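Here's the structure we're looking at; comments come further down.
The values are calculated or read from the model by the stated rules, or taken from the named source; none is laboratory data. Just so we're clear, the structure is a prediction, and the values are computed from it rather than from any experiment. All Cβ positions, even for glycine, are placed from backbone atoms using ideal geometry, and neighbour counts span all protein chains on display. With ligands, DNA and RNA removed, areas are computed over all heavy atoms of the protein, side chains included. Shrake-Rupley method; radii C 1.70, N 1.55, O 1.52, S 1.80 Å.
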2 protein chains.
Amino acid sequence: MKFEEAQEEFIRAWGELGSSWGVSKTMAQIHALLLSSSKPLSTEDIMNELNISRGNANMNIRALISWGLTKKAFMPGERKEYFESDKDIWNISKQVAQERKRRELDPMRRVIDELVTVEAKTTEEKEFKMMLKELQSYTKSADRLIDKLSRSDKNWFFKLVMKLI
Amino acid sequence: MKFEEAQEEFIRAWGELGSSWGVSKTMAQIHALLLSSSKPLSTEDIMNELNISRGNANMNIRALISWGLTKKAFMPGERKEYFESDKDIWNISKQVAQERKRRELDPMRRVIDELVTVEAKTTEEKEFKMMLKELQSYTKSADRLIDKLSRSDKNWFFKLVMKLI
DNA sequence: ATTTATTTTCATTTTTTATTGAAAATACAA
DNA sequence: TTGTATTTTCAATAAAAAATGAAAATAAAT
């Protein structure tokens with residue numbers, strides 16, 4: 001398989017994965033493009049490679065930056081902005097985990113913490129409350145796990161996996 | 001806070017979470033409704049509680065069943081079908097992890113396994129290949145981790161979390 | 001076999017989300 | 001400054017996804 005084919009397929013698959021993770025397809029595709037490119041790319045490069053409009057490219061580049069997955073690359077003597085993505089999968093995983101925690105887990109935890117104070121008189125209501133308390137305990141563990149992950153290094157993770165298998 | 005308010009808020013929050021996980025809002029809301037209800041519910045109950053059409057209710061109940069999150073409840077003497085959801089958060093987590101593995105991780109792994117055979121002559125192409133190999137190694141670990149998780153019990157998980165924190 | 005209750009399907013409509021492209025804003029250079 | 005390149009915004013449009021509702025199919029009861 002040739003590089004161009006592989007790159008194209010990688011972009012396609014990454015984009016599709018993004019969709020089932022609630023991330024815009026284009027955002028995931030731009031990420032894939034940057035991951036598979038050794039040099040930083042300009043907005044125009046991205047527009048051309050993916051056949052998308054300037055507005056679309058710009059919006060999704062900003063989104064990638066806000067996710068901490070892409071940053072501006074300094075290009076001496078160039079007026080245009082260039083962008084690059086960290087290719088270290090461990091860093092990417094940590095970054096995604098942290099952002100999803102911030103955007104989804106934290107707000108959900110706040111809601112649950114509020115809901116567990118529900119008054120429960122009947123048996124049914126007590127069951128509901130118990131379920132919420134269990135959920136609270138799991139989300140707390142998930143929270144801690146992500147914090148731990150974020151402070152750990154690649155090696156720690158692989159050693160852990162080894163031990164667990 | 002009263003039960004009805006809490007239930008309503010739980011359904012709202014669970015539905016929103018679903019959206020950012022690539023799951024239809026209604027499917028997540030039906031799940032939340034069943035999780036917060038001590039008795040099995042009929043399609044009509046669900047339609048009424050969530051103000052949705054029969055077609056919508058039916059489709060999303062089927063989706064929940066295909067995710068292994070809901071099953072028919074046997075109701076002696078009843079002609080209608082009733083549905084219930086397992087409320088054990090550990091079971092739910094395992095089930096979601098397994099389904100997402102099957103639907104997303106496995107296909108992605110197949111693609112990556114194919115892509116790593118890409119011929120890489122230039123330095124840039126070698127970098128791309130290295131990134132793919134790293135990705136391959138991570139997806140393999142994730143795969144094993146989910147398998148292990150699925151065979152483990154609640155206690156194992158919490159003990160692990162304790163040790164890690 | 002016929003009626004009645006219930007579920008499923010799916011063409012149509014609605015809603016939501018993503019994309020475009022051109023105008024406005026900004027940043028830089030001469 | 002003034003002009004030029006570049007980025008950003010956003011109203012309009014397009015595309016995708018979800019929801020409706022009524023007809024068809026199925027299953028149970030008489």
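Summary of computed values
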| read-out | value |
| --- | --- |
| Within the stretch A:123-155, considering residues that are touching a helix residue (DSSP H, G or I) at 6+ places or on another chain (Cβ under 8 Å) and among the β-branched types (Val, Ile, Thr), the one least open to solvent (accessible area, probe 1.4 Å) | A:Thr139 |
| Among (1) facing chain A (nearest Cβ under 7 Å); (2) among the charged types (D, E, K, R); (3) within 24 Å of A:Arg151 (Cα to Cα), the one test that B:Glu124 misses | (3) |
| Helices (runs of 4 or more DSSP H) contained entirely in the stretch B:97-165, each with at least 3 residues that are of a type in the set (A, V, I, L, M, F, W, C), modelled with pLDDT under 95 and closer than 19 Å to A:Ser141 by Cα | B:154-164 |
| Among residues of the stretch A:96-112, those that are open to solvent by 80 Å² or more (accessible area, probe 1.4 Å) and more than 22 Å from A:Arg62 (Cβ to Cβ), counted | 1 |
| A:Glu16 more than 9 Å from chain B (Cβ to nearest Cβ) and open to solvent by 40 Å² or more (accessible area, probe 1.4 Å) | no |
| Test for B:Arg79: is it assigned by TED's automatic domain parsing to the domain that holds B:Ala57, open to solvent by 40 Å² or more (accessible area, probe 1.4 Å) and not polar (S, T, N, Q) | yes |
| One residue from A:Ser66, A:Ser93, A:Ser85 being of a type in the set (S, T, N, Q) and exposed (fewer than 15 other Cβ atoms within 10 Å of the Cβ) | A:Ser66 |
| Residue in the stretch A:29-45 that is open to solvent by 70 Å² or more (accessible area, probe 1.4 Å), free of Cβ contacts under 8 Å to residues at least 12 places away in the same chain and either within 16 Å of DNA strand C (Cβ to nearest atom) or closer than 23 Å to B:Arg100 by Cα (or both) present | no |
